[in-house]
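Since the structure comes first, as structure tokens, the remarks are kept for the end.
The values are calculated or read from the model by the stated rules, or taken from the named source; none is laboratory data. Here the structure is a predicted model, which is why all the values come from computation and not from measurement. Quick reminder, even Gly has a Cβ in these numbers, built from the backbone with ideal geometry, and neighbours come from all protein chains shown.
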Amino acid sequence: MDFQYAPAPESRAVVDIRPSYGLFIGGEFVDGHGEPFKSIDPSNEEPLAEIACADAADVDRAVAAARAAYDGVWGTMPGRERAKYLYRIARILQERSRELAVLESIDNGKPIRESRDVDLPLVAAHFFYYAGWADKLGYAGFGPDPRPLGVAGQVIPWNFPLLMLAWKIAPALACGNTVVLKPAETTPLTALAFAEICRQADLPPGVVNIVTGAGDTGRALVEHDGVDKVAFTGSTEVGRRIARAVAGTRKKLTLELGGKAANVIFEDAALDQAVEGVVNGIFFNQGHVCCAGSRLLVQESVADELLDRLKRRMTTLRVGDPLDKNTDVGAINSAEQLAKIRALSEIGEREGATRWSPPCELPQRGFWFVPTVFTGVAQSHRIAREEIFGPVLSVLTFRTPAEAVEKANNTPYGLSAGVWTEKGSRILWMAERLRAGVVWANTFNKFDPASPFGGYKESGFGREGGRHGLEAYLNV
Amino acid sequence: MGGAAELRAFLHGLPGVDQVGADERAARLATRSIKTSAKAQAIDLAISMVDLTTLEGADTPGKVRALCAKGVTPDPGDPDVPKVAAICVYPDLAGVAAEALKGTGIGVAAVATSFPSGRAPLEAKLADTRAAVRAGATEIDMVIDRGAFLAGDYLKVYEEIVAVKEACGDAHLKVIFETGELVTYDNVRRASWLAMRAGADFIKTSTGKVAPAATLPVTLIMLEAVRDFRDLTGRQVGVKPAGGIRTTKDAIKYLVLVNETAGPDWLTPEHFRLGASSLLNDLLMQRRKLATGAYSGPDHFTLD
């Protein structure tokens, strides 16, 4: 029998998007002096709000506000007092999680199921976790009384807007730093909602400053003399430019960049769960995940069976309205990103890989890309080497564990990897040899605030999360 | 069949089940939001899949006749409500049920083979089965010998199923694993393949007498097994979760699981059943709520 799920949209009524937003500097919303821009809903291309753009002078004011807050109140406040603010923020995030999840889905295009069940719980968990560290820094292994760095300039991407904000702001504040954060220009709304939450939590003015804008704003921030620490998550290309700009200065730098993760499936793996892992690895968040399992390495002896199962599973993926509670794959975040995904997919076809997608009706308006798998991919193909950052999976095969390791490591990136096998000893053998910051065993894309995250090679350096994540924000 | 060694090698050669992954998949499917027209469709489908069950020591002919009447006309106030799939009783009451259900198209399911423990000699189990079929049972719900299964004597379990299947004649055979006693998901997958190879028409989770009874992940694994078995052999085996399914919400979760695991071919009473008793009235209550916008109290629905 044909069982069609009726639309089950989450209500937009829980969010109140203002027609325009200013910059959040010194605890106040102020006008920007750059050319304002619009944030749009990527699922229908409707403009959502006009966003102020910070020019160099605005950034200067934000850094000055952060400095004043650092010198005047936050840098000298006892850790247990800072913790109270962080706990308060965490609780408000939980209380407002439904509203924030809807806002995130509207601005980013991700399915409400993910913003509700993954993003928001992790956002709150991050603040709770680092709140716990604020008065225990002397026991973190960085000396008896580690000091903060000062003002942190933080630039975050559009794929997990509020979660990346949490990864940046929670440890910085717990360690006693103040921050100036620039959200991505396509997804500023939840960061601006977070600014309101800072006011709601009575956070002292200037401890958190949000400057919106595009690349120029980000450049002004990371190059600003008053910034002691730069943290960036985004593309390897921009990360390189930031590394150049920061080189030779006193600034500490952490970079969390791109990836081309190998998801390695051995013939003895639990195949049905491995298929789920592949789906979670590459179609989670439309594949807009730096640690996405974009290269599937499957042992040749089970390749056909696994691919049959994967394709069958892909036909059940529900692509469409991000606010529908039954949607599995939402909208691509921007026209620019969609063009990039299309271009690389066409290159994949031209290079001789076989392209397959399930039958799928895409909405007329907005930015959409159907979940896609390429088989017959070779290491030398661009779709096996370059980060596509979309719902596109490249499938390669291997014969032996040694070959699997060799192929998995044969990439300039090294952010994450997955291993699927029922054999515990092989998991450990692989994990020792895979050059990736995170190795997941029989699962993929699992995050926890207590677990450090970061890359090898061109995937960046420095760790976020866990005890290790404190180091980036302490003078050690 | 190549005997005990071949059967053992086959069952142990099946891909493993990762418990964390299976639990996670079942939990995620349980978050599907089934509303309005889809909910109405699901409720009627669920009603038509119910094996309305009474399995008490205190069961009497009167009780069974009452349950049969309920199965034929679940909601006397609304003739559009579908009838249930079968009435499930102990073998000695199969004759009463068959008499009461004559001409209704509703199946008579009898739990044979020394239900629920299955601890009896094979001859007794076969006699139990034959008596039930003779009395008019159209479906036999047998239990496997969990002791033999856990001891690794798969051939004994296999041969028992084959023998009971033969004793069933034209009656459909449902094979109950009592997954609460098999415990691991690897065992559930092995038992599924074992029963299907032995000729089961349905595989069923539980007797309802052991906790945990039916769960979503266990049913997920059984649905994967019937799907894979059809791919391999062309024969479509049904699945019946039983025990602990009490609410419409639960029932709909199972239907979503079927839809997205085995597929729409299994969304019929011929291939999917819900073994339950109190579930039926909750389905009726939600059905009326959906139609009228208001809840009716429990006294507006018949006890049996």
Only one of (1) touching a Lys or Arg at 6+ places or on another chain (Cβ under 9 Å); (2) more than 26 Å from A:Asp135 (Cα to Cα) does not apply to A:Arg12, and that is (1)
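Within the group A:Glu46, A:Glu99, A:Glu104, which residue is at pLDDT 95 or above and in contact with a Lys or Arg (Cβ under 7 Å, 6 or more places away or on another chain)? Before you say what the answer is, go through the steps one by one.
Working: A:Glu46 fails: in contact with a Lys or Arg (Cβ under 7 Å, 6 or more places away or on another chain); A:Glu99 fails: in contact with a Lys or Arg (Cβ under 7 Å, 6 or more places away or on another chain).
Within the list A:Glu46, A:Glu99, A:Glu104, the selection yields A:Glu104.
Could you tell me which of the residues B:Thr233, B:Thr261 is touching a residue at least 40 places away in the same chain (Cβ under 8 Å), closer than 24 Å to A:Met1 by Cβ and of a type in the set (S, T, N, Q)? Lay out the reasoning, then the answer.
On the way: B:Thr233 fails: touching a residue at least 40 places away in the same chain (Cβ under 8 Å).
Checking each option against the conditions leaves just B:Thr261.
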Cβ pairs under 6 Å, 6+ apart or interchain, first in segment A:126-151 and assigned to a helix (DSSP H, G or I), second at pLDDT below 95 and of a type in the set (A, V, I, L, M, F, W, C), ordered by first then second residue, are none
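Determine whether B:Asp282 is buried (at least 20 other Cβ atoms within 10 Å of the Cβ) and within 20 Å of B:Lys83 (Cβ to Cβ).
On the way: buried (at least 20 other Cβ atoms within 10 Å of the Cβ): yes; within 20 Å of B:Lys83 (Cβ to Cβ): yes.
Spelling it out, B:Asp282 is indeed buried (at least 20 other Cβ atoms within 10 Å of the Cβ) and within 20 Å of B:Lys83 (Cβ to Cβ).
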Can you find a residue in segment A:250-266 that is over 24 Å from A:Leu434 (Cβ atoms), touching a helix residue (DSSP H, G or I) at 6+ places or on another chain (Cβ under 6 Å) and surrounded by fewer than 23 Cβ atoms within 10 Å (Cβ to Cβ)? yes
Flagged pairs (Cβ under 9 angstrom, 6 or more apart or on separate chains; first in segment A:231-242, without any contact (Cβ under 8 Å) to a residue 40 or more places away in the chain and surrounded by fewer than 15 Cβ atoms within 10 Å (Cβ to Cβ); second charged (D, E, K, R) and part of a helix (DSSP H, G or I)) are A:Arg240/A:Glu458
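Would you say A:Asp60 is closer than 25 Å to A:Glu223 by Cα, acidic (Asp, Glu) and in the same structural domain as A:Thr233 (by TED's automatic domain parsing)?
Numbers: closer than 25 Å to A:Glu223 by Cα: yes; acidic (Asp, Glu): yes; in the same structural domain as A:Thr233 (by TED's automatic domain parsing): yes.
So A:Asp60 fits the description; yes.
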Restricting attention to segment B:227-234, does a residue exist that is surrounded by fewer than 24 Cβ atoms within 10 Å (Cβ to Cβ) and under 15 Å from the mean Cα position of the chain (by Cα)? no
Those residues of segment A:4-34 that are assigned to a loop (DSSP other than H, G, I, E, B) and away from chain B (no Cβ under 14 Å) come to a total of 12
(1) free of Cβ contacts under 8 Å to residues at least 40 places away in the same chain; (2) under 19 Å from B:Gly208 (Cα atoms); (3) out of contact with any strand residue (DSSP E or B) (no Cβ under 6 Å at 6 or more places or on another chain); (4) not polar (S, T, N, Q) all hold for B:Ile87 apart from (3)
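Would you call A:Lys251 within 20 Å of A:Trp167 (Cα to Cα) and either within 14 Å of another protein chain (Cβ to nearest Cβ) or basic (Lys, Arg) (or both)? Spell out the reasoning first.
Details: within 20 Å of A:Trp167 (Cα to Cα): yes; either within 14 Å of another protein chain (Cβ to nearest Cβ) or basic (Lys, Arg) (or both): yes.
Criteria met by A:Lys251.
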Here the residues within segment A:2-17 that are more than 19 Å from A:Pro363 (Cβ to Cβ) and surrounded by 13 or more Cβ atoms within 10 Å (Cβ to Cβ) are A:Phe3, A:Val14, A:Val15, A:Ile17
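Which one is farthest from the other protein chains (Cβ to nearest Cβ), of the residues in segment A:321-341 that are of a type in the set (D, E, K, R) and either crowded, with 22+ Cβ neighbours inside 10 Å or in contact (Cβ under 8 Å) with a residue 60 or more places away in the chain (or both)? Outline the logic, then answer.
Going residue by residue through segment A:321-341, those that are of a type in the set (D, E, K, R) are A:321, A:324-325, A:328, A:336, A:340.
Subset that is either crowded, with 22+ Cβ neighbours inside 10 Å or in contact (Cβ under 8 Å) with a residue 60 or more places away in the chain (or both): A:321, A:324-325, A:328.
Values: A:Asp321: 12, A:Asp324: 8, A:Lys325: 4, A:Asp328: 9 Å.
Ranking the qualifying residues of segment A:321-341, first place goes to A:Asp321.
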Sole miss for A:Glu300 among (1) of a type in the set (D, E, K, R); (2) touching a Leu at 6+ places or on another chain (Cβ under 9 Å); (3) in contact (Cβ under 8 Å) with a residue 40 or more places away in the chain is condition (2)
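Which of the helices (runs of 4 or more DSSP H) found entirely inside segment B:7-78 contain at least 1 residues meeting this: facing chain A (nearest Cβ under 8 Å) and more than 23 Å from the chain's Cα centre (by Cα)? Give the steps one after another, and end with the answer.
Numbers: elements: B:19-29, B:36-49, B:61-72.
The helices (runs of 4 or more DSSP H) meeting that bar are B:19-29, B:36-49.
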Q. For segment A:339-360, does any single residue satisfy the condition of being part of a loop (DSSP other than H, G, I, E, B), under 24 Å from the mean Cα position of the chain (by Cα) and closer than 18 Å to A:Val275 by Cβ?
A. no
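Residue-wise test of (1) touching a residue at least 24 places away in the same chain (Cβ under 8 Å); (2) under 26 Å from A:Leu163 (Cβ atoms); (3) within 14 Å of chain B (Cβ to nearest Cβ).
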residue	(1), (2), (3)
A:Phe37	yes, yes, no
A:Glu45	yes, yes, no
A:Asp55	yes, no, no
A:Tyr70	yes, yes, no
A:Glu95	no, yes, no
| Are any of the residues in segment A:342-363 surrounded by 19 or more Cβ atoms within 10 Å (Cβ to Cβ), at pLDDT 95 or above and closer than 25 Å to A:Asp117 by Cα? | no
Counting only residues that are crowded, with 16+ Cβ neighbours inside 10 Å and without any contact (Cβ under 8 Å) to a residue 40 or more places away in the chain, segment A:441-450 contains a total of 1
Picking from B:Ala200, B:Ala195, the residue that is free of Cβ contacts under 8 Å to residues at least 60 places away in the same chain, crowded, with 21+ Cβ neighbours inside 10 Å and in a loop (DSSP other than H, G, I, E, B) would be B:Ala200
Scanning segment B:153-166 residue by residue, those crowded, with 22+ Cβ neighbours inside 10 Å and over 18 Å from B:Arg190 (Cβ atoms) turn out to be B:Val164
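Could you list all residues from segment B:119-152 that are closer than 24 Å to B:Asn187 by Cβ and in contact (Cβ under 8 Å) with a residue 40 or more places away in the chain? Can you show your working first?
So the first thing to find is which residues in segment B:119-152 are closer than 24 Å to B:Asn187 by Cβ, and the list is B:119-120, B:122, B:125, B:140-152.
Within segment B:119-152, B:Leu122, B:Asp141, B:Val143, B:Ile144, B:Phe149, B:Gly152 meet the criteria.
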Residues of segment A:361-409 being within 27 Å of the chain's Cα centre (by Cα), hydrophobic (A, V, I, L, M, F, W, C) and part of a loop (DSSP other than H, G, I, E, B), in sequence order, are A:Leu362, A:Phe367, A:Trp368, A:Phe369, A:Val370, A:Val377, A:Ile388, A:Phe389
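Being surrounded by 20 or more Cβ atoms within 10 Å (Cβ to Cβ) and outside the structural domain of A:Ile210 (by TED's automatic domain parsing): is that true of A:Tyr21 here?
On the way: surrounded by 20 or more Cβ atoms within 10 Å (Cβ to Cβ): yes; outside the structural domain of A:Ile210 (by TED's automatic domain parsing): no.
For A:Tyr21, the condition - surrounded by 20 or more Cβ atoms within 10 Å (Cβ to Cβ) and outside the structural domain of A:Ile210 (by TED's automatic domain parsing) - is not met.
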